[in-house]
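These notes are about the structure you will find just below.
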Amino acid sequence: MAETDPKVVEDLENLFNAFDDDHSGELDEDEVGELVAQLGSKLSPEENHNLFRIMDADGGGTVDFREFATVILHQKANTGGRINYTELAEKMFAMFDHTGDGVVSEQEILEQMEKMGKNWDRAAIQHFLAEIDKDGSGEIEKHEFVEYVTKVQAEVNG
């Protein structure tokens, strides 16, 4: 995404802000559906729900601009408009992996949540970590995150 045109990002941000009625910096599932429709994507309710769950990287029930832009720019890059959930999960994982070491610690989750303006306490982060950390190492490895995202996608698609 480093080569993304700054004008495209600015346009996405303006569009995002236009749908952020309460100026909270976050969108709910219905607002994301309306916004995606404005971008010209016709999604079924199931596809919209799936897209929202994938966008909502932290599981907080809302999507902030960074989460939104990561998914939209990724989808836009795919000429077929189909989302590759493995690639998407890897990009989302990189948002949390500040050290670039391939694992995400509780501290990295906390720092990212703060950057995203989310007020999560340690208990909420530990719950999020436990959902994804299948080997019990206390950290989320990239493959665990990718498996979690693809599992969510598969559950939604049935």
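What follows is calculated from the coordinates using simple rules that are stated; it is not laboratory data. It should be emphasised that the depicted structure is a prediction, and the values quoted were computed from it without experimental measurement. Backbone-built Cβ (ideal geometry, glycine too); neighbour counts: all protein chains shown.
Observations on the structure shown:
- Long-range amide H partners of Val104 with built H, under 5 Å: Ile140, Glu141
- For Glu111 and Lys42, the FRET efficiency from 1/(1 + (r/R0)^6), where r spans their Cβ atoms and R0 equals 35 Å, is about 0.40.
- A straight chain from Lys151 to Ala123 at 0.36 nm per residue would run longer than the Cα-Cα distance by 7.7 nm.
- Cross-link partners of Lys42 among aspartates and glutamates (Cα-Cα below 12 Å; sequence separation of 8 or more within a chain): Glu34
- Straight-distance candidates among the aspartates and glutamates for linking to Lys142, with alpha-carbon spacing under 12 Å and chain neighbours fewer than 8 residues away dropped: Glu87, Glu90, Asp97, Asp101, Asp133.
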